[in-house]
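Inspection log for the structure reproduced underneath, given as structure tokens.
The values are calculated or read from the model by the stated rules, or taken from the named source; none is laboratory data. Note that the coordinates shown come from a computational prediction; the quantities given were computed from them, not determined experimentally. Counting neighbours? That spans all protein chains shown, and the Cβs are built from the backbone with ideal geometry, glycine included.
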């Protein structure tokens with residue numbers, strides 16, 4: 001998601017989001033990694049769309065993939081739940097010393 005905004009249509013205000021579209025995943029890498037590594041090609045500024053925030057099912061991070069695929073760059077891999085592995089929401093404080 002690039003950003004979000006609200007727009008009024010008549011008497012109703014709706015929240016909208018601007019998102020970038022990516023290609024379908026590279027089938028070979030997806031199959032080779034048992035559906036773990038999802039690498040897609042960025043489609044550029046021409047593939048930016050406005051959607052209703054109500055249609056968003058999840059949010060993922062698209063991170064630059066450091067390798068060429070078929071001699072082509074501009075590839076990104078998907079990370080779901082980025083950062084949730086280090087976040088605690090139950091109110092407890094981790095006092096473990098990691099040094």
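Of all residue pairs spaced 6 or more apart or on separate chains, those with beta-carbon atoms under 6 Å, a first member in region 20-39 that is farther than 13 Å from residue 77 by Cβ and a second member that is part of a loop (DSSP other than H, G, I, E, B) are 21/43.
Filtered by the rule that a residue be in a strand (DSSP E or B) and over 13 Å from residue 48 (Cβ atoms), region 5-23 gives 5, 6, 7, 8, 9, 12, 13, 14, 15.
In region 63-81, the qualifying residues are those that are at pLDDT below 90 and surrounded by 12 or more Cβ atoms within 10 Å (Cβ to Cβ), and the one that is farthest from residue 22 (Cα to Cα) is 69.
Checking each residue in region 44-63 for being touching a strand residue (DSSP E or B) at 6+ places or on another chain (Cβ under 6 Å) and closer than 16 Å to residue 77 by Cα picks out 60, 61, 62, 63. Annotation: of all residues in region 46-74 being in contact (Cβ under 8 Å) with a residue 24 or more places away in the chain and more than 16 Å from the chain's Cα centre (by Cα), the one that is nearest to residue 6 (Cα to Cα) is 52.
Looking at 85, 94, just one residue is farther than 29 Å from residue 14 by Cβ, at pLDDT below 95 and not in a loop (DSSP other than H, G, I, E, B), and that residue is 85. Among the residues of region 31-62, the ones that are assigned to a helix (DSSP H, G or I) and surrounded by 12 or more Cβ atoms within 10 Å (Cβ to Cβ) come to 2 in all.
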